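Peer 1: Following this message is one structure expressed as structure tokens.
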Amino acid sequence: MKTSFLTCLLIFGCGTLSNAQQVKAPEMLRPSTAPALPETTSPTSTVDKLAEEAQKSLFKAADQGGAAPTSGGPITSSGPLRLPSPVAGNPGLWEKDSMHKLAVMDVAFGGMKETIMIELFPDDAPQTVANFIDRCDSGFYNGLAFHRAIEGFIVQTGDPLTSDESAREKWGTGGEDKTLPAEIKRPHRIGAVAMARRSDKVNPERRSNGSQFYITLGNYASIDMKHTVFGQVVSGLETVQSISQMPVDSNDCPVARIEVKSIKIIDHKGPLQVQEVMAGGQRYSKPNSARSFVGRFLHRVW
């Protein structure tokens, strides 16, 4: 009787081990991944959940100074990454005659409207920046929502599906009607603005999503040489941090709508003017060329 019982246990254990060996280690997810489905919907949901947790752990380690090795797969850019200069990170020190292309983004959340200013890098990512400018000039981003917010990690927007509040279960999957070639020259440092993309498994050329972009809140060497960085937040990083701290659902999607009201592209000459000094740094005034007529008038008056 005991022998039969032990034999059954042995057979059961071998079967369990065999099934476990068939589950591959999850690939690190990208910023453009679709929202995770409930675990009851498909066998792969558990793997997706594990991959999401692995991603968060990886970026936490990177933020503390560790760097993960770059995974295999073709990379379309060559040469060392272009590190940002100290002056680039301080727009108050820009040269008097220097020209900068800025994206001035107004965001509404929590009953407030805040401004985030992004310096674009057309020399390093010409096709990506050109596409972004076209989207902004056409009003494509106006009214879209932030569909991902992870505190201390990233915030993400640009999915055209977020214009429809009733389609929340699909948020994060849009923008694939057009893709862009990889232009990988800049690293992920705090405030970096980069394009989302699909994984190497289905996207070995690392082409970018046509519209989704994210902003990092740490120094993430683990994804250098993997995503196209095309801009850098130069003012309003504290607003990005606030967005990342908003309550989210199980898919890291903000519960309350956080909406992009507009993104205006301007050419700015010289340094930006300091609006106020805060504990976390300086906030700079929105250039007059990015203001409406009424805004310019009120700015002069007040």
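Peer 1: Right, Ser208: over 22 Å from Thr162 (Cβ atoms) and touching a Pro at 6+ places or on another chain (Cβ under 9 Å) or not?
Peer 2: Considered against the rule, which asks whether it is over 22 Å from Thr162 (Cβ atoms) and touching a Pro at 6+ places or on another chain (Cβ under 9 Å), Ser208 comes out as no.
Peer 1: Regarding the range 246-260, can at least one residue be identified that is on the phi > 0 side of the Ramachandran plot, more than 13 Å from the chain's Cα centre (by Cα) and touching a residue at least 24 places away in the same chain (Cβ under 8 Å)?
Peer 2: Among the residues of the range 246-260, not one is on the phi > 0 side of the Ramachandran plot, more than 13 Å from the chain's Cα centre (by Cα) and touching a residue at least 24 places away in the same chain (Cβ under 8 Å), which makes the answer no.
Peer 1: Something else: Please tell me if Arg206 is among the charged types (D, E, K, R) and either in a loop (DSSP other than H, G, I, E, B) or within 12 Å of the chain's Cα centre (by Cα) (or both).
Peer 2: For Arg206, the condition - among the charged types (D, E, K, R) and either in a loop (DSSP other than H, G, I, E, B) or within 12 Å of the chain's Cα centre (by Cα) (or both) - is met.
Peer 1: Next question. Taking the range 152-180 on its own, how many of its residues are assigned to a loop (DSSP other than H, G, I, E, B) and β-branched (Val, Ile, Thr)?
Peer 2: Qualifying residue count for the region: 1.
Peer 1: Shifting gears a bit: Which of the residues that make up the range 229-288 are over 24 Å from Asp97 (Cα atoms) and among the polar types (S, T, N, Q)?
Peer 2: Across the range 229-288, the qualifying residues are Thr239, Gln241, Ser242, Ser244, Gln245, Ser250, Asn251, Ser262.
Conditions tested, residue by residue: (1) free of Cβ contacts under 8 Å to residues at least 60 places away in the same chain; (2) at positive phi; (3) crowded, with 21+ Cβ neighbours inside 10 Å.
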{"site": "Met105", "(1), (2), (3)": "no, no, yes"}
{"site": "Glu119", "(1), (2), (3)": "no, no, yes"}
{"site": "Phe132", "(1), (2), (3)": "no, no, yes"}
{"site": "Ser138", "(1), (2), (3)": "yes, no, no"}
{"site": "Asp159", "(1), (2), (3)": "yes, no, yes"}
{"site": "Thr162", "(1), (2), (3)": "yes, no, yes"}
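Peer 1: Would you be able to say whether some residue in the range 207-228 is surrounded by fewer than 17 Cβ atoms within 10 Å (Cβ to Cβ) and modelled with pLDDT of 95 or more?
Peer 2: No, every residue in the range 207-228 fails to be surrounded by fewer than 17 Cβ atoms within 10 Å (Cβ to Cβ) and modelled with pLDDT of 95 or more.
The values are calculated or read from the model by the stated rules, or taken from the named source; none is laboratory data. Everything numeric here is computed off the predicted structure, so don't read it as measured data. Ideal geometry is used to build each Cβ from the backbone, glycine not excepted, and the neighbour counts take in all protein chains shown.
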